[in-house]
Amino acid sequence: MIETICNRIINNIQQTIVGMDQTIKLLLTAVLCEGHVLLEDVPGTGKTTLAKALSLSLGATFKRIQFTPDLLPSDVTGINWFNQKQQAFEYREGPIFSNIVLADEINRATPRTQSALLEAMQERQVTIDGETRMLRLPFFVVATQNPIELQGTFPLPEAQLDRFILRAPVGYPTQEDENKILERFKVGNVLTNLKPVTTGDEIVRLQIERQNIKVEASVRDYAVRIARTTRENPEIQLGASPRATMALYQASQAWAAIHGRDFVIPDDIKFLAPFVLCHRMLISAQAQLRGRTPERLVEDIVSSVAVPVEI
C-alpha cells in the first residue's frame, strides 16, 4: 500500500518537477518518518517549487516563512493580541500551524528565531505565554539554505540540525532535464494544475504502517555500528547522536517501503547514511585542513563497517 500511494505522489509531483527523482523519494522518506528535511543548494534549483508540489499532491495546507534577520519568534508561532472590541486576549496563529511549512533560507534568521522551531519540530506543539497548543498532523518542515553565501547568515546550531531527519542536496539538472523545464514552464506556472492524490489522514496511516517494516537484528546492528563508528573516528570531533541512529533506522524502513519491500536490507542503510549522518557531524580542524568532508568521512566509515551477510 505504501509503495502504491508513494508512486502516485511521485508521478503527480513529476508533472511539475523535472528530474529530482531521488530528492522526491527522500522527501517522502522523511514524511513517512514524521521527520523534517533540510534542502541545501544554491538559489534557483527548484527547492520552493518542490515543496509546493509536495503539499499540493498531499492535499495539505502549506505556508512559507521567509527567514530574515528581523524575523521574530512570534512571526513563526503566532501571538496573543488584545481585542478591544471583545475586551479579551485572542490568539492569532502563526504560519507554523500548517501541515507543510517551508522555512526558506532558515540560516538568515537569528538563533532566537531559529529556536522557535525546535519545540514544533520535535514535539509537534508550540508553547506561548505558558499555554501549549498542538500542531495539526501531518506536520512537516522543509527548510532551505544556501551553502555558498555566508554573509548575513547565522549557522544552524547542532541542536537544530539534529532535528532534521536528513539533509538532501538538490543539484543542477542535466542538459536534457533543463530543456524539459523550459518546455514545461513556457506557458506559466504549472503548479496551478496540480491536484491532490492523497489526504492528510492517509499519510498519517502510512506513517503508522511504516513502523511495521521488518528490520532484522543484524541489519539493525549494522546501522548502530555505522553510527557508533562516527563517534570513535579521530577525524570527527562530534559524532552522530542516538537520535541520528534512530533516524537512520526509521529512514531505512521508509526507503524500503517506498521501493515495495516489507523488510530493510543493508543497501538501504548504506544509501541513506550520508543523507542522515553528515549534517549531524562536526569534523576536526585538522581534518578540514586536509580537505576532508563529512560526506567523504561517512563514505569511508560505511566502507569500513562489515556488512551483515545471510548464512
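Among the helices (runs of 4 or more DSSP H) confined wholly to segment 210-300, which include 1 or more residues that are closer than 26 Å to residue 21 by Cα and either touching a residue at least 12 places away in the same chain (Cβ under 8 Å) or in contact with a Phe, Trp or Tyr (Cβ under 9 Å, 6 or more places away or on another chain) (or both)?
Correct list: 217-232, 242-258, 266-277.
Out of the residues in segment 28-49 that are surrounded by 24 or more Cβ atoms within 10 Å (Cβ to Cβ) and of a type in the set (A, V, I, L, M), state the one that is nearest to the chain's Cα centre (by Cα).
Step by step, filter segment 28-49, then rank; the result is 37.
Among the residues of segment 75-92 satisfying the criterion of being surrounded by fewer than 18 Cβ atoms within 10 Å (Cβ to Cβ) and either touching a residue at least 40 places away in the same chain (Cβ under 8 Å) or among the hydrophobic types (A, V, I, L, M, F, W, C) (or both), which is nearest to residue 121 (Cα to Cα)?
Looking at residues that are surrounded by fewer than 18 Cβ atoms within 10 Å (Cβ to Cβ) and either touching a residue at least 40 places away in the same chain (Cβ under 8 Å) or among the hydrophobic types (A, V, I, L, M, F, W, C) (or both), I get 79.
Could you pull out the residue among 180, 186, 195 that is more than 26 Å from residue 117 (Cβ to Cβ), modelled with pLDDT under 90 and surrounded by 13 or more Cβ atoms within 10 Å (Cβ to Cβ)?
Within the list 180, 186, 195, the selection yields 180.
Kindly indicate whether residue 167 is assigned by TED's automatic domain parsing to the domain that holds residue 9 and either part of a helix (DSSP H, G or I) or charged (D, E, K, R) (or both).
In short, yes.
Matching residues to (1) under 16 Å from the mean Cα position of the chain (by Cα); (2) closer than 22 Å to residue 154 by Cβ; (3) not hydrophobic (A, V, I, L, M, F, W, C):
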| position | (1), (2), (3) |
| --- | --- |
| 69 | no, yes, yes |
| 76 | no, yes, no |
| 82 | no, no, no |
| 86 | no, no, yes |
| 90 | no, no, yes |
| 94 | no, yes, yes |
| 101 | yes, yes, no |
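Quick test of your reading of the structure: residue 96 fulfils all but one of (1) loosely packed, with under 14 Cβ neighbours inside 10 Å; (2) outside any strand (DSSP E or B); (3) among the hydrophobic types (A, V, I, L, M, F, W, C). Name the failing condition by number.
Tallying (1) loosely packed, with under 14 Cβ neighbours inside 10 Å; (2) outside any strand (DSSP E or B); (3) among the hydrophobic types (A, V, I, L, M, F, W, C), residue 96 fails exactly one: (1).
Is it the case that residue 262 is surrounded by fewer than 19 Cβ atoms within 10 Å (Cβ to Cβ) and either acidic (Asp, Glu) or in contact with a Lys or Arg (Cβ under 9 Å, 6 or more places away or on another chain) (or both)?
Spelling it out, residue 262 is indeed surrounded by fewer than 19 Cβ atoms within 10 Å (Cβ to Cβ) and either acidic (Asp, Glu) or in contact with a Lys or Arg (Cβ under 9 Å, 6 or more places away or on another chain) (or both).
Within segment 178-193, identify whether any single residue is in a helix (DSSP H, G or I), out of contact with any Leu (no Cβ under 8 Å at 6 or more places or on another chain) and farther than 17 Å from residue 45 by Cα, and answer yes or no.
Yes, some residue in segment 178-193 is in a helix (DSSP H, G or I), out of contact with any Leu (no Cβ under 8 Å at 6 or more places or on another chain) and farther than 17 Å from residue 45 by Cα.
The values are calculated or read from the model by the stated rules, or taken from the named source; none is laboratory data. The structure presented is a predicted model; accordingly, all values stated were derived computationally and were not measured. Methodologically, a virtual Cβ is constructed for each residue, glycine included, from the backbone with ideal geometry; neighbour enumeration extends over all protein chains shown.
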